[in-house]
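Working notes, beginning with the structure itself.
The values are calculated or read from the model by the stated rules, or taken from the named source; none is laboratory data. Only a predicted model underlies this, so the values are computations on that prediction, with no experimental measurement involved. Cβ sites come from the backbone with ideal geometry, for glycine too, and all protein chains shown count toward neighbours.
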Amino acid sequence: MKYLGIPLEKPKVAFFGFTGCEGCQLQIANKEETLADLLGAVEVMSFRLISSDKDDGYDIAFVEGSITTEGEVERLKKIRAQAKILVAIGACACLGGVNNLRSRFPLDETIQEVYGNHVIESGPVRKLSEVVTVDYELPGCPISKAEFEWLVRHVIVGVIPQLPQYPVCVECKQRIKTCVFDMGIMCMGPVTRAGCNAICPSNHMGCWGCRGAVDEANFESFIEILRERGFAEREIAERANFFNAFSGVDVIPQLEG
Amino acid sequence: MLYKTISKDNFRKMLEGLMENNEVMGPRWRDRDAQGNKIYRFLKLNNFDELELDYTRTYSSPKNFFLPFKENLATYKLGDSDWEQDIHYTIHPRVIVGMRACDINALRKLDEVMLKSVYPNPYYSARRENTIIIGLDHEPLEDCFCRSMGADVALRGFDLFLTDIGDKYFVAIGSDTGYRILNQYDAQDVTEDDQLEFKRAKQEIESKFKTQVDVTIVPELMDLEFESEVWEKWGDKCLSCGSCAMVCPTCYCYGTEEEVDLTFTHATKSRCLYSCNLLDFAMVAGGHNFRPDSHIRLKYRYYHQFRGFVEAFNQSLCVGCNRCGVACLAGINPKDVIDDLITTEKL
Amino acid sequence: MTNILEKPIDIHVEHIARVEGHGNIKIGIEDGKLTECTWEVVETPRFFEMMFKGLSIEMAPLLAARVCGICSISHALTAARAAERALNIQVPETAQKIRLLAKHAETLQSHVLHLFFLVAPDFLNVGSVIPILSSHPHIVQIATQLKGYANRASDLLAGRTSHPMVFKVGGLTQVPRKRQLKNLLNELEENIPYLEQAIEIFKGLSMPDFERETEFVSLKGQDRYPFIGGDLVSSDGIRMGEDEYQAMTNEYMVDISTSKWCKLSRDSFAVGALARFNNNYELLHPKAIELAEEIGLKPGSHNPFFHNLAQLVECVHVVYESKDMLTELIDSDTSAFMASYEVHAGEGVGALEAPRGILYHHFQIDDEGKIVKANCVIPTGQNHANIHHDLHKLVPELAAQGEIEAEISKRAQMLVRAYDPCISCSVH
Amino acid sequence: MSLKIPHHDINLEPTMAKAPDFNRKSERMQTERSFKSEIIAAIPLTAQEKLFHLRICDQAERENFSFLPGQFVMLELPGCGEIAISISGSSSNHEFLELCVREVGTVTGLLHRLEAGAFVGIRGPFGTHFPMRKMKGHNILLIAGGLGIAPLRSPIYWANEHRTDYEDITILYGARDPGQILFDYQFDEWRKIYDLKLLTIVEHPDEDWNGHVGMITDLFDDVPVDPDNTFAIVCGPPVMFKFVCSYLSDLGLPRQRMFVSLERRMHCGMGKCCRCNVGSTFTCLDGPVFDYWTVMNLQEAI
Ligand SMILES: Cc1cc2nc3c(=O)[nH]c(=O)nc-3n(C[C@H](O)[C@H](O)[C@H](O)COP(=O)(O)OP(=O)(O)OC[C@H]3O[C@@H](n4cnc5c(N)ncnc54)[C@H](O)[C@@H]3O)c2cc1C
Ligand code: SF4
Ligand code: SF4
Ligand code: SF4
C-alpha cells in the first residue's frame, strides 16, 4: 500500500480493556461495514473482545478503561513498554469517566457497601495519563468509530492527529439543531471539545462533556450563564462532574457525596 | 420591476406545482422552546400544509443552502503515487419559499464576495443560479434591526417577492423565471386598490420597528474604539463557541479539510464554514495565535461585519436579523455592543 | 471417573476471548480425578451502586447505561423503569413502544454479534471473525446487514447503539419522525432475506451434545413474549413480582469471583435466551415458533449450548415483532412521549430481559429525588454459578470420552461463550 | 400543472472547461482545480528545510503558468491538506517551480517525506508581488531573516536576469546559527556572477564560523544606505522586519519603498476563507507583499 508514493506499513495494533464497560472496543468491532477496510489497513495482533488469537508483537496499543488496581497498573506498564504508540480510548481512559463518581466516597466505605466484608482489591480511579505516558487521546463515551478510523489513518501515514479545537456548539449549529438551552435543558456543549457531531444535544439531551474540556474554555462566563438561566447548583454539579471532564476547574460546583 | 397579484389559492397551487418536480424548502417548525413557542427551520416541504408562512424567525439562516456547513470541493482517486482530481458543481434546481427581506439582502451581500469579487466561487454560483427564491414580507420582531442596516426592503436577489394584502399577495417579480412561473397561475395585473393595500401593508410593517441601531458612524467607531474596554467587557462573556457566525446569514469564513479513506484510494477536499470567534481561527503552525484572546476575536467579527466589508463593498455585512444575538448564550448582540461603543465615544 | 488419562490435564485460560470482560477458566485433572474446575471472574469492580449514590434519580438511566457497552439500552431502560416505579409514573404508550423497539434493536444487534462474531469462529475452527472475512465473506455480509439495520434502528430510536441518551425518566427526550420510522421499516423489510440466510447457516451447525438439568429464570409474559417488566418465574415453579427480585436472586459472594453469584431452588440457575424461550415458548411470534420447530429446539431444553439456538429464534421474533410494531406506530399519534411527574421519596425495582437474561435495577430515593441506595443484579451474575456447575459436569464427561486437553479447553470455552457472558457488566 | 425549473449546469460553461488561469482573477473558473505537479527533486537544505522542484505535468498548464517575484502558490497533498508557500525560484523558469519548505506541521511534515516522482497539486499563483519594475534604476536592498530568504530568491533571480536595470544590489541575511543558513551553496554565484553584495550574520556562531555575529541590524554598520535611491525588501519574522523597517525609516527611506511579505493562516488564497484577514485586509489578495506604510496602518498587531 502506498500513499502519494510513500510506502505505508500496516501497523500492528492491539486492543486492551481495563476498568470500563468495553463499549469503546465494541464501537470498533461494531459497524462491520468498514471492518474489511480497517483490517486491510492494520494488522490486529490482539483484540480479546472478538478474537482468541493473540500476539504480543504489537506497535500500537489502544487502551480502554480507567486504572483502579495495582494489578492493572502493572499490566498497563507492560503494555506501555511494548507499544510504540499508546492511545487512550474513551472517557474512562482519557478522563477517568463515570468511574470517578465513586471517588466522592472513601474506598473502604465503597467496598463495604457493595461487597460487605468480602475482601476485594481496588484503589483510586486513575486515567491512563496518571500512570503512563499517553501518546494520543481519543475521547468520548463511547468513542466514535469514525473518529477512531480517522486516528488510525493519521497513525498509518505518520501524521499527528489533532482533535477539533472548537466546542460542540459548532457541530450542533452545523446540524441546524435547536439549542437545547432554548428548550430549558442544560448543555455542556459550549465548553466541551467537538468531534461527536453533537449527538447528545441533537437528541435533546444536552451535552455531558464526555469528550473533555475544549482548549481555553471560558468556564467563568459559562457557569455564570447556567446560574442566570436558573439551573440549580446540584444540577450543574451533576452534569459537569459526570464524566470527570472538567476536574480542576474551580468555578464548577462540586458534586457532594 | 414588474408587479402582479396572485390569489392565495393560486399561490398554493403554484407551490404545489413547484413541489411536484423540484425540491422546495420553506419555514417549518420542528421543536418548541421552553415556553411552548414553535421554533422554525428552513426544511424541505413535502406538502403545502407544512409551510408556516407566518413564522417569526428561523434560528439558523437559510444561507446554508448556498454555503453548506460542509461542502465537497473535490474528490480524488489515488493510485500508488499518482492521483486524479474530480470536481462537480451539479445542483438540482430547487425553490426556497418564505425568505425574509433581510435574508435575501444577506444573499446579495454574499453575492458581492462570491460572485462579483475576484475569483468567483463556482460552487456558490451553481447553488445560487439553480435556486428560485420566493420572498415574503413580514412584521418585524422586537429585536429586528434590519431597518437600521438598510436591509428591510428587498429590491433584488429574488425571483418573486410577496406582500400579503388580504386574500391575495402583491408580487414583485425579479426574474424571468419568476415571471413565467407566476403567469401559469393566473396572476393579475395590479389594480389601484391593490396598490393602496400594498402601501398600507408596507406602512404597517414600517411602523412596527422597535429596535434601532445607529450605524452611521460605526465604521469609524470600529477604528477609533479599537482599544476600547467595551471589547473586553463583552469578550470576557464570550464563550468562543462560534454560534453567532454559524447562524448568521452573512458570515462566510471557512476552513478547508482534506481526508483520505482507510484504503488510501480515495480522498476528499471539503470546505467547512468556520467562525472567527473560534480559538484556532488565526492560529498558525507552531502554535502562534494572531488572535489569542476571545475579546480580540469577538472584536474582529464586528470589525469584519461593520468596517471591513464597508471598506470593500461600501456596505455593512450585517443585515440586522439579530440571529447572533438570539443564539448567543452570553447575550452578546450587535445592538448592545454598538450602543456601548457609541456611549463610550460620547463620554 | 472411568477413564484413566495418561497425562494430567492442566488448563488455564486467562481472560477468555470473545466474551465481554475478563474471566478465567481453570481445569485440572490428575489421575483421572478432577482436581480443579473453576469459572473465575477477575474483572475489576467499578462499584456502580456507589456511583449512583447521591445523584438525582434523573441521572439513573444515563449512568446505568455505562454498566455495559453491549446492552446499554437494556440498562438505561431498566433504570428508567425502576425510577418510574419508584415515582409512580405512567409512561406514555408511544414511549413504551419506542423503548421496546429500541430494545429489540439491541437484542438483534447483541445476538447477531454473539452468534456470528463470537460463536461462529468456534464452529469454523478459527480464532476470530477476521479470517472468516476472507474465507466466508457471505457469512460476514449477512451479519453486517442485520447488524447494520440494528445499528441504524438504535441510532434512530435510542440516539446511538451504545449509551443511549433518549431514555429519560418519564418517557423519551424525543420521538423519531414518521418519515424516519417509515424508512426504518423499509430497511427492516429489506433485511428479512438476510435473516433467512442467517437461519440457513445456523441450521447447518450442530451444537455439542450435553445436558444438565437446570432451573431457568426469566420474566413471564402476559400477552407477548416478555422483555420489559412483568412477573418473575422459574422453571421450577416459582413465581414472584418484580419487587421480590432479591428473593429470586439470593446473591452471595464467592472467593473465585469479583461478581456475586445467585441461586434459587437449586445450587444455581440460568437466565438468558434459553430461559426466556423455555418459559414463554407459546408467546413467540409464529415465525419464530416455525423456526424453533424446524431446528428442533423445544421448550424444556437443558442443553446450555442451545442458548445459541434460542438466540437465533429470538432474532426472528424481534425482527417480526419490530415490523408489526413499526407499522402500528407509523399509523398512530406519537405526540405524547413524556409524562410529567414530581419527585418524592420512594423505592422502585425495574426488571427487564436484557439480551443475556433478566436484569434488575433497584433504587431508593429521598424526597429531593436523590438516590440513597442503588442495587443492580446483572444477568451474567446470575449465570456464573450455573456456568461453573455446567463445567463441572462437562469436563469429566469429555475426559471420560477421552478428549485431549486442547479439545476440552475449547469445549469449556464454547460452553462459557454459549452463555454470552457479559463479565464487566456482572461485576459493575 | 407541474413546473420544471430550468437547470443551469455551470460545468458546461466554456470557461470551466479549460484549465484555470489564476492570473485572470475575475473569470469564473474551477477554482479548486489544482495543477498536478511532479516532484522532480527534493533537496534537503537543513534539518528542517527542503527545497522542492515541482514540474507541472500538463504541458499547456505549465506553459500557461507565470508568476512574479513575491507571489505564492497553494500546495496541495490530496487527502492531507493545502498550504501557502512562496515561490522561491526564478520567474523565467518555465520548466519547474522551486519551493523551499520548512517542516512544521501536518502538511509540511508529510511533504518532507515525499520523494522525487511523487505528485502534488498546485494552485496559483496568488497574491501581490514585489514591484520589480518600479525599482528600475535604483539600488535594491534585500534583507532576510531565517526562512525569509526563500521568497527573496525570486527577486534575486529577477534582479540578475535584469541586472542592468538596477544599481547596487545588496543582500543582508541573518540566521540563528550557521547550521540554519540556507542556500549557502549559491552565495558565490550570487556574489560573483550576479554581482551582488551579500553579507551574512548569525546570532549563535559555532567554531567554524568566522563571519559576522549579532543581530541583522548590526550589518548596517557595513552597508551605507542611500535613502533617496533605494528600495528595500524585507522578509523574516515580524519582530525582525519591524526592527529593520523602523531603522530604515529613521534613515529616511520612505515607507512606501520598503516591502515586506506577511504570513497569516490561509485556506484558499482567493480572499474567500477570511483566515488571513488582518483588520479588513486580505493577506492573500492585498498581500502577501505589502509596502511598510500599509502594514503600519493595518488594524491588527503584526
Ligand atoms: C503567503 C505565505 C507564504 C508562505 N511561504 C512559505 C514558504 O515559502 N516556506 C515555508 O516553509 N512556509 C511558508 N509559509 C508558511 C506555511 O504556509 C506553513 O508553514 C504551513 O501552512 C504549515 O502547514 P502544516 O500543515 O504543516 O502545519 P499545521 O500546523 O498542521 O497547520 C494546519 C493548517 O493551518 C494552516 N496554517 C498553519 N500555519 C500556517 C501559516 N504559517 N501560514 C498559512 N497557513 C498556515 C494551513 O492551512 C495548514 O494546513 C507561507 C505562508 C504564507 C501565508
Ligand atoms: S445545544 Fe448545546 S452544543 Fe448546541 S448550540 Fe446549544 S449550547 Fe451549544
Ligand atoms: S454531546 Fe457531549 S456528552 Fe454527548 S457525545 Fe458529544 S461530548 Fe459526549
Ligand atoms: S445581526 Fe448578527 S446574525 Fe444577523 S446579520 Fe448581523 S451579525 Fe449576522
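What tally of residues in segment B:288-300 results from selecting those that are in contact (Cβ under 8 Å) with a residue 40 or more places away in the chain, within 11 Å of chain D (Cβ to nearest Cβ) and surrounded by 24 or more Cβ atoms within 10 Å (Cβ to Cβ)?
Of the residues in segment B:288-300, 1 are in contact (Cβ under 8 Å) with a residue 40 or more places away in the chain, within 11 Å of chain D (Cβ to nearest Cβ) and surrounded by 24 or more Cβ atoms within 10 Å (Cβ to Cβ).
Given B:ARG291, B:ARG323, B:ARG307, which one is touching a helix residue (DSSP H, G or I) at 6+ places or on another chain (Cβ under 8 Å) and near ligand 4 (Cβ under 10 Å from one of its atoms)? Don't jump to the end; show me each part of the working.
Numbers: B:ARG291 fails: near ligand 4 (Cβ under 10 Å from one of its atoms); B:ARG307 fails: near ligand 4 (Cβ under 10 Å from one of its atoms).
Matching residue, one of B:ARG291, B:ARG323, B:ARG307: B:ARG323.
If you go through segment A:161-185 and keep only what is surrounded by 21 or more Cβ atoms within 10 Å (Cβ to Cβ) and touching a residue at least 40 places away in the same chain (Cβ under 8 Å), you end up with A:TYR166, A:PRO167, A:VAL168, A:PHE181.
A Cβ distance below 6 Å, combined with a sequence gap of six or more or placement on separate chains, defines the contacts here; from segment A:233-257, residues that are in a loop (DSSP other than H, G, I, E, B) reach residues that are among the basic types (Lys, Arg) in the pairs A:GLY257/A:ARG104. Exactly one residue among A:GLU235, A:GLU224 is assigned by TED's automatic domain parsing to the domain that holds A:PHE181, over 23 Å from the mean Cα position of the chain (by Cα) and either acidic (Asp, Glu) or within 15 Å of ligand 2 (Cβ to nearest atom) (or both), and that residue is A:GLU224.
Taking helices (runs of 4 or more DSSP H) that fall entirely within segment B:308-347, which contain at least 2 residues that are away from ligand 2 (no atom under 16 Å from the Cβ), without any contact (Cβ under 8 Å) to a residue 12 or more places away in the chain and not aromatic (Phe, Trp, Tyr)?
In segment B:308-347, the matching helices (runs of 4 or more DSSP H) lie at B:334-346.
Out of segment A:200-257, which residues are at positive phi and within 14 Å of chain C (Cβ to nearest Cβ)? First the steps, then the outcome.
Going residue by residue through segment A:200-257, those that are at positive phi are A:204, A:206, A:209, A:212, A:216, A:230, A:244, A:248.
Once the filter is applied, which keeps residues that are at positive phi and within 14 Å of chain C (Cβ to nearest Cβ), segment A:200-257 yields A:HIS204, A:GLY206, A:GLY209, A:ASN244.
Only one of the numbered conditions (1) part of a helix (DSSP H, G or I); (2) crowded, with 24+ Cβ neighbours inside 10 Å is violated by C:THR161, and that is (1).
Among the candidates C:LEU34, C:LEU100, C:LEU55, C:LEU63, which residue alone is among the hydrophobic types (A, V, I, L, M, F, W, C), within 8 Å of chain A (Cβ to nearest Cβ) and touching a residue at least 60 places away in the same chain (Cβ under 8 Å)?
Values: C:LEU34 fails: within 8 Å of chain A (Cβ to nearest Cβ); C:LEU100 fails: within 8 Å of chain A (Cβ to nearest Cβ); C:LEU63 fails: touching a residue at least 60 places away in the same chain (Cβ under 8 Å).
Only one candidate qualifies: C:LEU55.
For segment B:229-242, a residue qualifies if it is more than 20 Å from B:SER61 (Cα to Cα) and crowded, with 17+ Cβ neighbours inside 10 Å, and the qualifying residues are B:VAL230, B:TRP231, B:TRP234, B:GLY235, B:LYS237, B:CYS238, B:LEU239.
Is it true that some residue in segment A:205-213 is more than 9 Å from ligand 2 (Cβ to nearest atom), under 16 Å from the mean Cα position of the chain (by Cα), under 28 Å from B:ILE39 (Cα atoms) and aromatic (Phe, Trp, Tyr)?
Step one: list which residues in segment A:205-213 are more than 9 Å from ligand 2 (Cβ to nearest atom), which gives A:205, A:208-213.
Subset that is under 16 Å from the mean Cα position of the chain (by Cα): A:208-213.
Adding the requirement that they be under 28 Å from B:ILE39 (Cα atoms) leaves A:208-210.
Those still in the list that are aromatic (Phe, Trp, Tyr) too: A:208.
Scanning segment A:205-213, I find at least one residue that is more than 9 Å from ligand 2 (Cβ to nearest atom), under 16 Å from the mean Cα position of the chain (by Cα), under 28 Å from B:ILE39 (Cα atoms) and aromatic (Phe, Trp, Tyr), so the answer is yes.
Within segment A:189-198, the set of residues being within 6 Å of ligand 3 (Cβ to nearest atom) and within 14 Å of A:PHE243 (Cβ to Cβ) comprises A:THR192, A:CYS196.
Give the residue that is nearest to the chain's Cα centre (by Cα), with candidates limited to residues of segment A:17-37 that are of a type in the set (A, V, I, L, M, F, W, C) and facing chain C (nearest Cβ under 10 Å). Taking the candidates together, the pick is A:CYS24.
Please work out if B:GLY157 is under 21 Å from B:ALA101 (Cα atoms) and either part of a helix (DSSP H, G or I) or at the interface with another protein chain (Cβ under 10 Å from one of its Cβ atoms) (or both). In short, no. In segment A:124-177, the qualifying residues are those that are more than 12 Å from ligand 3 (Cβ to nearest atom), assigned to a loop (DSSP other than H, G, I, E, B) and of a type in the set (S, T, N, Q), and the one that is farthest from B:CYS244 (Cα to Cα) is A:THR133. The condition (being surrounded by 14 or more Cβ atoms within 10 Å (Cβ to Cβ), away from every other protein chain (no Cβ under 14 Å) and either within 16 Å of ligand 1 (Cβ to nearest atom) or modelled with pLDDT under 90 (or both)) is satisfied by just one residue among D:LEU111, D:LEU196, D:LEU172, D:LEU141: D:LEU196.
Among the listed residues B:ASN121, B:ASN130, which satisfies the condition of being closer than 27 Å to B:GLU50 by Cα, free of Cβ contacts under 8 Å to residues at least 60 places away in the same chain and either away from chain A (no Cβ under 14 Å) or among the polar types (S, T, N, Q) (or both)? Write out each step before concluding.
Details: B:ASN121 fails: closer than 27 Å to B:GLU50 by Cα.
The unique qualifying residue is B:ASN130.
Scanning segment B:119-176 for residues that are within 16 Å of ligand 4 (Cβ to nearest atom) and either polar (S, T, N, Q) or buried (at least 20 other Cβ atoms within 10 Å of the Cβ) (or both) returns B:HIS138, B:PRO140, B:CYS144, B:PHE145, B:CYS146, B:ARG147, B:SER148, B:MET149, B:ALA151, B:ASP152, B:ALA154, B:GLY157.
For segment B:224-238, the condition holds for no residue, the condition being that it is at pLDDT 95 or above, of a type outside the set (S, T, N, Q), in contact with a helix residue (DSSP H, G or I) (Cβ under 8 Å, 6 or more places away or on another chain) and within 16 Å of ligand 3 (Cβ to nearest atom). Could you grab me the full set of residues in segment C:28-43 that are over 25 Å from C:LEU115 (Cα atoms) and surrounded by fewer than 24 Cβ atoms within 10 Å (Cβ to Cβ)? Within segment C:28-43, C:GLY28, C:GLU30, C:ASP31, C:GLY32, C:LYS33, C:LEU34, C:THR35, C:GLU36, C:CYS37 meet the criteria. For beta carbons closer than 6 Å, sequence separation of 6+ or different chains, a first residue in segment B:233-251 that is assigned by TED's automatic domain parsing to the domain that holds B:VAL337 and without any contact (Cβ under 8 Å) to a residue 40 or more places away in the chain and a second that is within 16 Å of ligand 3 (Cβ to nearest atom) and among the aliphatic types (A, V, I, L, M), the qualifying pairs are B:GLY242/A:VAL170. Taken over segment B:160-187, residues that are in a loop (DSSP other than H, G, I, E, B), over 29 Å from B:LYS210 (Cβ atoms) and among the charged types (D, E, K, R) amount to 1. Among the residues of segment B:243-278, those identified as surrounded by fewer than 23 Cβ atoms within 10 Å (Cβ to Cβ), away from ligand 1 (no atom under 13 Å from the Cβ) and more than 9 Å from chain D (Cβ to nearest Cβ) are B:LEU262, B:THR263, B:THR265, B:SER270.
Across segment C:12-59, the number of residues qualifying as assigned to a loop (DSSP other than H, G, I, E, B) and not polar (S, T, N, Q) comes to 18.
When restricted to residues that are facing chain B (nearest Cβ under 7 Å) and under 18 Å from the mean Cα position of the chain (by Cα), segment D:278-302 contains 1. Of the strands (runs of 3 or more DSSP E) lying entirely inside segment D:15-108, those containing at least 2 residues that are away from ligand 1 (no atom under 14 Å from the Cβ) and touching a residue at least 40 places away in the same chain (Cβ under 8 Å) span D:35-44, D:49-56. Note on segment A:108-122: residues that are at the interface with chain C (Cβ under 9 Å from one of its Cβ atoms) and part of a helix (DSSP H, G or I) amount to 6.
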